[in-house]
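What follows is a short report on a single structure.
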Amino acid sequence: MTDIRETVRERYAAAARAATAPADGTSASCCSSTTFVELSQDASGHTVFGRELYGEDTEGVGAALQASLGCGVPTAVADLQPGDVVLDLGSGAGGDVLISARRVAPGGRAIGLDMTTEMVELARHNAETAGVDNVEFLLGYLEEVPLPDDSVDVVISNCVINLAADKSLVLAEAARVLRPGGRFAVSDVIADEDMDDATRADLAQWTGCIAGALTEAQFRRSLTDAGFTDVEITPTHEVHPHARAAVVRATLRDAG
């Protein structure tokens, strides 16, 4: 777990540094790296990762999406309501947190959790620049969420759960911090059943959101084991010959 965690941390720290200190006038996004350009588009040149997936859903928070490595738009499917408390797992530069914060106002707040110091600092800067104050950004691990039980209404995430070494623990933590009846709405990568062993063993493919992805059956089983019900997994687009992006939604089983 340590090797995977540190490899992922360094990749996303580099993305944050690129966003805050672009060299020679090029794009400040992580897409300025050759590796990520290759990952962000399919063979036909269609965008499969990154900020372009948001379309017009970026009012006032565009800068926070510069370093987006996401494979979808979880805020578009989370059914956020005023007064909700939202937790974004792996919040990066804060784009989804800032979008969420505006949708849950008045009375609600949005919390971002990321293990990368550079991303947390960048997200806090982006929130201040955008003038959004009902937000909080925490440094920590998805496997050890630094929040109390039953403290949030909605958990979102954008292509991050696949990066964790222990997905079952991440989903158990999501269930722990959600209130009974709380909503889980994430974008993530779903692996095909026939993904080859070479791809699975490639750390570059892992940090590129492919090698660590669960299959649909594994994701459903892990959510059910964590206490979720009404699981829906809806593929959106192909991101690799053996993997697809998908919207994953579920509801935490009510204790009663």
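Among ALA175, ALA217, ALA185, ALA204, which is closer than 28 Å to THR117 by Cα, at pLDDT 95 or above and in a helix (DSSP H, G or I)?
Numbers: ALA217 fails: closer than 28 Å to THR117 by Cα; ALA185 fails: in a helix (DSSP H, G or I); ALA204 fails: at pLDDT 95 or above.
Within the list ALA175, ALA217, ALA185, ALA204, the selection yields ALA175.
Among the residues of the stretch 210-237, write down those that are β-branched (Val, Ile, Thr), within 11 Å of THR251 (Cα to Cα) and surrounded by 14 or more Cβ atoms within 10 Å (Cβ to Cβ).
THR224, VAL231
Considering ARG109, ARG102, which residue is modelled with pLDDT of 95 or more and not acidic (Asp, Glu)? Break it down into steps so the answer makes sense when it comes.
Numbers: ARG102 fails: modelled with pLDDT of 95 or more.
Within the list ARG109, ARG102, the selection yields ARG109.
Return the pair list, or none, for Cβ contacts closer than 7 Å from residues in the stretch 231-248 that are farther than 13 Å from ALA213 by Cα and in contact (Cβ under 8 Å) with a residue 40 or more places away in the chain to residues that are among the polar types (S, T, N, Q) and surrounded by 15 or more Cβ atoms within 10 Å (Cβ to Cβ), at least 6 apart or on different chains.
Listed pairs, sorted by first residue: VAL247/SER187; VAL247/THR236.
Considering only residues that are buried (at least 24 other Cβ atoms within 10 Å of the Cβ) and either among the charged types (D, E, K, R) or assigned to a strand (DSSP E or B) (or both), which ones fall in the stretch 154-172?
Correct list: VAL154, VAL155, ILE156, SER157, ASN158.
Hey, can you tell me all the residues within the stretch 115-142 that are within 16 Å of VAL160 (Cβ to Cβ), of a type in the set (Ser, Thr, Tyr) and open to solvent by 40 Å² or more (accessible area, probe 1.4 Å)?
TYR141, the sole residue that qualifies.
To keep it simple, each residue is scored yes or no on (1) open to solvent by 10 Å² or more (accessible area, probe 1.4 Å); (2) touching a Cys at 6+ places or on another chain (Cβ under 6 Å); (3) under 15 Å from VAL155 (Cβ atoms); (4) assigned to a loop (DSSP other than H, G, I, E, B).
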{"residue": "THR75", "(1), (2), (3), (4)": "no, no, yes, no"}
{"residue": "LEU80", "(1), (2), (3), (4)": "yes, no, yes, yes"}
{"residue": "LEU87", "(1), (2), (3), (4)": "no, no, yes, no"}
{"residue": "ALA93", "(1), (2), (3), (4)": "no, no, no, yes"}
{"residue": "ARG102", "(1), (2), (3), (4)": "yes, no, no, no"}
{"residue": "GLY107", "(1), (2), (3), (4)": "yes, no, no, yes"}
{"residue": "ALA110", "(1), (2), (3), (4)": "no, no, yes, no"}
{"residue": "LEU113", "(1), (2), (3), (4)": "no, no, yes, no"}
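Scanning for something more than 16 Å from the chain's Cα centre (by Cα) and at pLDDT 90 or above, does the stretch 55-77 turn up at least one residue?
no
The values are calculated or read from the model by the stated rules, or taken from the named source; none is laboratory data. What you are looking at is a predicted structure, and each value in this text was computed from that prediction instead of being measured. Please note: Cβ atoms are built from the backbone with ideal geometry, for glycine as well, and neighbour counts cover all protein chains shown. Heads up: the accessible areas ignore ligands, DNA and RNA and are worked out on the full protein's heavy atoms, side chains in. Shrake-Rupley method; radii C 1.70, N 1.55, O 1.52, S 1.80 Å.
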